[in-house]
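> Let me begin by handing over the structure; questions about it come next.
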Amino acid sequence: MNFFVQSFAVARKDLAIELRTKESLNAAGSFAIVILLLFSFAFDVDEIKDFSGGLLWLVFAFAGALVFNRGFARELPNECLDTLLASPLSAAALVIGKAIANFAMLLVVELVSLLVFGIFYSVDWLDLSGSLGIVFALATWGVAILGAVFGALTVNLRLRELMLPVIIYPLMVPLLIGAIELTTAVLQRQPISGHLEWIRVLTASDIVFTALAWGLADTILVN
Amino acid sequence: MTQAIALDRVWKFYGDYAALRDCTLHIQQGSCCALLGRNGAGKTTLLRILAGLTNFQRGAVTLFGEKPRADNARRQSGFLGHGIGVYEDLSARENLHFFASITASGNTAALTNQWLERVGLARVATMPVRQFSRGMRQRLALARTFIHSPKILLLDEPFTSLDDRAIAMLSELLTEARQRGATIVLSTHQLREALAIASHVALVENGRLRYTGERTQEMLDDPALLYRLHTELGTPQ
């Protein structure tokens, strides 16, 4: 059975459930909007451009935890996780599938947040969507794969809603720094080519985290 | 005949408690082994070890000569546990299509329709599973387990919540599976139904395999006979 067929089947199933229940998207989306709204009262529109990347990525990181917590928790009722682990589906395909679903959901939250950000902070980012797209895709995949791996690790913990953010935020640091630097630079209309070192950091983090997820999935989920 | 399942001197501990004690069980390909025993005897633990879901501390387990977590072993087995393993927010068709996509090859849509018909859920195929009765869920779980025609079927109390027609359907599915050479291990409290299908019997008590052997005509005539002869507590209530 093709690994990618299995991964995309898992992702499609998770997105179908999410579209029906909207558990993660409603929580993460409304959280992101409320935080952006509150910050718009606290800061002057002119000074926000200096730390717009930081503001956006902290919102995405916190909203992401709400999405990631549901990822594997969705498999607990009716012992669906056991069913998947006993099936021919490989544990790595399951984790990568979860990461793809996380990625898609987080991108939706990011898009909604960017729309709100543009309105509240008077930032016209539509002409920057190419550069922002590259930055967001690279950083979001890294965050999504981390969320999937540690969602798997914490799924059976009683305090998983607390434990997951505590574990993943320190590991997200290189991704977040890179994403913040690049997003701020792009929103300040600097060319992305002037910050290639951060693109390399994001790419390397994505590769390392994906390889770790691939290699450790069976150990994490079964042992 | 090929040996499909081999457990050799398996011990499983939950903390200090020994859930399985020195269990040895060899099952030939094409056999149907009914795993009998009272609640808490160790039947579910044994099935979970065979499915590769639970680690054990001592002994060895193989399915067709490979460890239960090996890709090839999982590809050839189907597991139905206590939890039915289907998604409440998806419809019966979506559930089966998902499991067909991750387990089976070929035309998954046709396979899905075929199994919806087979378990009598075609009429309610688009209804979310959360609206299903317990029996309908169990039938869906059976379809999900059988959909990739596994060579080893590990079924934990598969008769639960099934009405008489569904029990007949399950018996038919198990008979067909045996005819195509599948090996079946099923735990159950429904002695009569299990013994009617089984070729072999394994009786578990307090984590020990008290009896393993062929199912005999005497067992069919008197399903409680095994308990009377081989357990300390005697006839089940």
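> Just the residues that are in a helix (DSSP H, G or I), within 12 Å of chain B (Cβ to nearest Cβ), in contact (Cβ under 8 Å) with a residue 12 or more places away in the chain and farther than 13 Å from B:TYR87 by Cβ, please, taken from segment A:71-107.
A:LEU85, A:ALA91, A:ALA92, A:ALA93, A:LEU94, A:GLY97
> Another question, then. With segment B:162-232 as the region, which strands (runs of 3 or more DSSP E) entirely inside it contain at least 2 residues that are closer than 30 Å to B:SER133 by Cβ? Lay out the reasoning, then the answer.
Values: elements: B:183-187, B:200-205, B:208-214.
The qualifying strands (runs of 3 or more DSSP E) are B:183-187.
> Looking at (1) within 21 Å of B:ARG48 (Cα to Cα); (2) of a type outside the set (Ser, Thr, Tyr); (3) surrounded by 21 or more Cβ atoms within 10 Å (Cβ to Cβ), which is the only condition B:ASN206 fails?
B:ASN206 satisfies every listed condition except (3).
> Here's something else I'd like to know. Please count how many residues of segment B:98-128 are of a type outside the set (A, V, I, L, M), more than 9 Å from chain A (Cβ to nearest Cβ) and under 22 Å from A:THR21 (Cα atoms).
1
> Also, I was wondering about something else. Has segment B:139-159 got at least one residue that is at positive phi and either surrounded by 15 or more Cβ atoms within 10 Å (Cβ to Cβ) or out of contact with any strand residue (DSSP E or B) (no Cβ under 8 Å at 6 or more places or on another chain) (or both)? Spell out the reasoning first.
Pass one, segment B:139-159, residues at positive phi: B:149, B:157.
Within this subset, residues satisfying the condition of being either surrounded by 15 or more Cβ atoms within 10 Å (Cβ to Cβ) or out of contact with any strand residue (DSSP E or B) (no Cβ under 8 Å at 6 or more places or on another chain) (or both) are B:149, B:157.
Yes, some residue in segment B:139-159 is at positive phi and either surrounded by 15 or more Cβ atoms within 10 Å (Cβ to Cβ) or out of contact with any strand residue (DSSP E or B) (no Cβ under 8 Å at 6 or more places or on another chain) (or both).
> Scan B:GLY83, B:GLY78 and give me the residue that is surrounded by fewer than 24 Cβ atoms within 10 Å (Cβ to Cβ) and facing another protein chain (nearest Cβ under 9 Å).
Numbers: B:GLY78 fails: surrounded by fewer than 24 Cβ atoms within 10 Å (Cβ to Cβ).
Just one listed residue meets the conditions, B:GLY83.
> Right, here's the next one. Please work out which one of (1) of a type in the set (Ser, Thr, Tyr); (2) away from chain B (no Cβ under 14 Å); (3) free of Cβ contacts under 8 Å to residues at least 60 places away in the same chain is the condition A:SER122 fails and give its number.
(3)
> Here's a follow-up. So which of A:ALA28, A:ALA11 ends up being closer than 16 Å to A:PHE103 by Cβ and within 14 Å of another protein chain (Cβ to nearest Cβ)? Before you say what the answer is, go through the steps one by one.
Details: A:ALA28 fails: within 14 Å of another protein chain (Cβ to nearest Cβ).
The match here is A:ALA11.
Readers should treat all values here as calculations from the given coordinates under stated rules, not as data from a laboratory. No experiment lies behind these values; they were computed from the predicted model shown. Note: ideal-geometry Cβ built from the backbone for every residue, glycine included; neighbour counts use all protein chains shown.
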